[in-house]
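Contents: one structure, followed by commentary.
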């Protein structure tokens with residue numbers, strides 16, 4: 001990965017008949033768009049992603065934006081970035097380093113330059129490099145003229161001027177013109193990499209339906225950028241990244257948060273029950289609330305509560321009434337919900353709590369990903385309150401995990417925690433659309449027979465209690481947080497009964513391991529080292545393991561979806577390797593669980609920077625471990 | 001249906017465990033006695049509570065019940081009522097549960113006007129934790145946690161509720177069985193969030209807190225029974241009234257030139273009047289009855305209306321269409 005376009009992949013001349021300029025083939029390209037928060041870089045990136053997906057590439061994206069909505073213009077604090085890796089073969093990450101950096105101003109250049117390898121292409125808006133902007137970005141001299149960028153291929157484009165020329169005569173004010181600059185960049189890059197712009201045109205038409213003059217301006221600027229690429233002499237050739245050979249089927253591009261929302265809707269539809277979301281806005285989880293709010297006709301209830309606590313409590317109330325209940329949040333909200341989640345454990349009502357993990361502690365870095373809520377999910381409640389935990393590993397995997405979380409919650413009458421993170425939430429990848437008819441069954445059977453009904457009379461296999469919802473004659477009963485008698489649920493302070501109930505609930509959760517599929521090992525079933533991961537580290541681990549395996553190293557990869565209970569065959573799987581390495585975006589949490597449960601001397605590899613691992617970082621750590 | 005139900009249908013098999021002499025017994029009795037009159041079957045009725053003495057209430061009702069966590073009952077009830085508008089949902093809370101740890105949820109459930117019947121048992125003390133002052137305890141209250149007297153200025157449940165523009169706000173007293181039953185009926189008949197403050201005696205930790213309005217000898221001179229459209233008259237001999245002196249209310253003796261026509265006439269739809277009455281302090285009498293009752297769309301009703309509208313406009317949700325929306329492309333082998 002991360003090789004400059006000039007040497008990437010098997011570069012080969014190809015002669016498109018239509019284009020007068022030659023275009024060269026590339027295996028993959030990593031582009032990073034960077035600009036002010038208000039420059040529309042996320043939109044530019046998303047649209048370029050959509051164009052690339054439609055061109056048949058495999059893609060992975062990494063948005064990276066500040067928590068401030070509009071930090072002062074031109075400052076480092078306000079730089080927003082979007083990295084995209086598009087490829088003609090299967091890829092797993094958004095790339096370690098960009099082959100192309102688009103910097104809309106000096107601050108965007110300053111904030112990103114350390115990630116850019118020599119010979120990479122840097123495209124800048126020359127006009128944005130005014131003395132004051134250069135100074136505001138912390139440069140002493142203008143980097144475009146002081147030779148500090150000599151090791152890169154710098155392409156200076158007068159984006160602002162060309163944008164304003166493109167809409168000349170339309171009578172738009174300066175601000176409106178300025179806001180079209182991103183479309184010029186998108187048009188130019190679309191030409192450079194031979195992306196079709198039709199999907200962007202369709203997008204613009206729907207986005208600016210109500211403001212025809214803004215639509216016209218954006219379309220003009222987009223096309224001007226595309227044509228500029230063709231006619232300017234700055235680009236000697238265009239590049240082509242052919243379609244990737246990925247599994248056949250119908251695809252769409254999807255972010256983790258969208259996939260999570262759809263997974264919940266699908267689960268509710270399959271169960272035949274309404275979906276109820278109780279939630280309080282928090283970054284980076286809010287998009288799930290936004291998305292679900294648009295699906296009312298399924299039916300989906302979305303309740304924007306007065307706080308995190310109310311969000312989870314309302315969900316439990318809805319669950320008591322028979323809905324598929326969920327709540328969504330991020331780390332700080334998990335703390336606030338903890339007491340209510342403990343109640344759901346105690347009264348054994350199904351619910352899914354989704355934690356879109358972000359960098360902490362406290363408010364931390366709200367827009368940056370981390371994996372430091374695993375132990376909180378395991379143990380962050382008072383009393384003995386075990387909860388199944390599922391973690392998604394890629395944006396598209398969020399769909400399957402959300403679905404599976406509901407399935408387990410309903411089957412075992414328990415709250416389930418679903419862990420994703422900020423990187424998965426906002427990152428995107430192609431998603432092979434599942435066949436709605438072939439999704440696993442989610443069976444909801446409410447208790448209806450009053451004869452012998454007892455609220456804590458358990459299914460002998462799953463140990464789950466009956467779901468008896470209000471409105472059912474003869475099943476009137478009371479549940480609550482007080483310790484309750486086995487079977488009847490009546491308040492009980494009996495010491496032996498309390499232990500029985502605690503142990504029974506623990507057995508119920510542990511028993512879920514029965515249905516966890518056998519652990520999949522990527523690589524050989526035994527060897528010198530296995531890299532064990534969970535969550536969004538999937539991409540960089542898989543890529544790194546592929547690299548070292550290509551060099552003949554006996555290294556394998558195991559990635560966990562089920563973190564509680566752990567798969568029953570995990571211990572023996574891990575014990576077939578001489579070393580167990582666990583990379584995590586935390587101080588070492590899964591590694592503690594593995595060491596404690598299996599007495600295996602697993603070692604951690606940790607990064608707490610609010611940024612995903614680079615492939616090279618993991619690869620280097622593997623190599624060091626193998627050298628012993 | 002209504003004739004088929006009786007008090008016993010609402011009495012659970014659980015032993016009631018409040019302290020002997022607790023005001024909660026009287027409230028439970030009134031609720032169990034009144035419920036059959038609503039004609040709603042026990043299986044369609046849900047009692048939800050938080051934590052505290054009052055919150056044990058659901059265990060004693062032979063309906064569906066949920067004893068939840070401290071202060072959060074309104075949130076649980078909101079989730080249930082939104083998704084199950086067919087149910088008759090009651091919330092039982094106390095002054096600590098509803099106004100201290102759960103104050104946030106209470107004000108929000110009231111302003112949203114979720115169709116819930118909310119009974120707040122106010123005994124001006126923390127009973128279950130053995131006698132600390134509560135958010136309704138008066139300044140100077142000496143308790144275990146305030147040996148030199150509380151310096152905490154109290155909440156007034158009625159004006160807190162009115163401040164949220166709650167659509168139904170009433171006050172009654174545990175020992176006034178008839179009035180309590182009437183208030184339960186009024187609360188139940190109201191569509192929207194009905195808030196009823198029930199003055200309740202804690203005979204262990206705060207005995208006699210409401211003596212002036214509950215003691216047979218004293219109450220007539222200290223209770224002002226609010227009745228819509230009627231002048232504000234009170235007193236053992238029904239010869240005292242409330243008159244406006246400029247912008248201020250005052251208690252006056254009827255006769256000697258003062259007639260009923262000089263008195264304020266209660267109007268349940270007048271929020272300003274309700275606020276004024278809510279703020280009555282001695283020497284003015286303590287108003288009981290319905291302070292305020294107006295009609296406003298319920299939150300749960302509006303939410304479900306949006307779901308129906310969405311379905312009418314877009315049709316019932318189709319999973320296949322949903323999964324495949326947006327730009328898609330086909331990869332062939």
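Rule-based calculations on the coordinates, nothing more; no lab input. Because the structure is a prediction, the values reported are computed rather than measured. Here Cβ is always computed from backbone atoms with ideal geometry, including for glycine, and neighbour counts include all displayed protein chains.
One-quarter of the Cα convex hull surface for the stretch B:56-202, in nm²?
The number I arrive at for the stretch B:56-202 is 8.6 nm².
When the helices in the protein assembly as shown are scored as -39500 (n - 2.57) per DSSP H run of 4 or longer and the sum is shared across all residues, what 222 nm value do you end up with, to the nearest 500 deg cm²/dmol?
About -9500 deg cm²/dmol.
Report, for the protein assembly as shown, the % of DSSP beta bridges that are antiparallel, rounded to 5.
Percentage antiparallel, nearest 5: 40.
Using only Cα atoms, find the angle between the long axis of helix A:181-192 and the longest principal axis of chain A, and express it within 0 to 90 degrees, rounded to the nearest 10.
Its long axis makes an angle of about 80 degrees.
I need A:144, A:374, B:162 ordered by Cβ neighbour count within 10 Å, fewest first.
A:144, B:162, A:374
Taking the simple approach of a point 7 Å from Cα along Cα-to-Cβ for both residue B:191 and residue B:218, what is their distance in nm?
If labels sit at residue B:191 and residue B:218, their model points lie 4.3 nm apart.
Direction-averaged shadow area of the convex hull around the Cα atoms of the stretch A:473-581, nm²?
Mean projected area for the stretch A:473-581: 10.4 nm², to one decimal.
If you average the alpha carbon positions of the stretch B:204-231 and of the stretch A:40-57, how far apart do those two centres end up, in angstrom?
71
Contact order normalised by length for chain A, with contacts defined as Cα pairs under 8 Å and 6 or more residues apart; what percent is it?
11 percent.
Would you list A:546, A:337 from fewest to most Cβ contacts within 10 Å?
Neighbour counts put them in this order, fewest first: A:546, A:337.
Stick to Cα atoms and the Kirkwood definition of Rh, then tell me Rg/Rh for the stretch A:64-129.
1.00
Could you tell me how many degrees, from 0 to 90 and to the nearest 10, lie between the Cα long axis of helix A:198-207 and the main elongation axis, the longest principal axis, of the Cα atoms of chain A?
So the helix axis and the longest Cα principal axis differ by about 70 degrees.
Out of all DSSP beta bridges in the stretch A:13-240, what portion is antiparallel? Express it as a percent rounded to 5.
About 55 percent, rounded to the nearest 5.
Scale the Cα Rg of the stretch A:527-627 by the rule-of-thumb value 2.2 N^0.38 Å and send over the ratio, two decimals.
Cα Rg divided by the expected 2.2 N^0.38 Å: 0.98.
What's the average, rounded to a whole number, of partner chain beta-carbon atoms within 10 Å of each residue's beta-carbon in A:363-375?
0
Rounded, prolate or oblate: pick one for the stretch A:252-438, where a ≥ b ≥ c are the square roots of the eigenvalues of its C-alpha gyration tensor, a/c under 1.5 means rounded, and failing that, prolate if a/b is larger than b/c, else oblate.
rounded
May I ask you to sort A:479, B:46 by Cβ crowding, counting other Cβ atoms within 10 Å and putting the fewest first?
A:479, B:46
Taking only Cα atoms of the stretch A:13-240, what ratio of Rg to Rh do you get with Rh as the Kirkwood inverse-distance radius?
Using Cα coordinates only, the ratio equals 0.94.
Going by a ≥ b ≥ c, the root eigenvalues of the Cα gyration tensor, does the stretch A:321-417 fall in the rounded group (a/c under 1.5), the prolate group (a/b larger than b/c) or the oblate group?
It comes out oblate by the Cα gyration axes.
Return the Rg/Rh ratio of the stretch A:159-231 with Cα-based radii and a Kirkwood Rh.
My calculation of the ratio gives 0.95.
Can you give the average number of partner chain beta-carbon atoms within 10 Å of each beta-carbon in peptide A:304-314, as a whole number?
Mean partner-chain Cβ count within 10 Å for A:304-314: 6.
So if I restrict to the alpha-carbon atoms in the protein assembly as shown, what is the Rg, and what is Dmax, the biggest pairwise distance, in Å?
For the protein assembly as shown, the Cα-based Rg and Dmax read 33.0, 112 Å.
What is the Cα centroid distance between the stretch B:40-62 and the stretch A:122-152, reported in whole angstrom?
The stretch B:40-62 and the stretch A:122-152 have Cα centres separated by 69 Å.
Can you pull the mean other chain C-beta count within 10 Å for peptide A:487-495?
1
Just to confirm the number: angle between the C-alpha axis of helix A:212-231 and the first principal axis of chain A, 0 to 90 degrees, nearest 10?
60
According to the square roots a ≥ b ≥ c of the eigenvalues of the Cα gyration tensor, what is the shape class of chain B, taking rounded for a/c under 1.5, prolate for a/b larger than b/c otherwise, and oblate for the remainder?
Because a/c hits 1.5 or more and a/b exceeds b/c, chain B counts as prolate.
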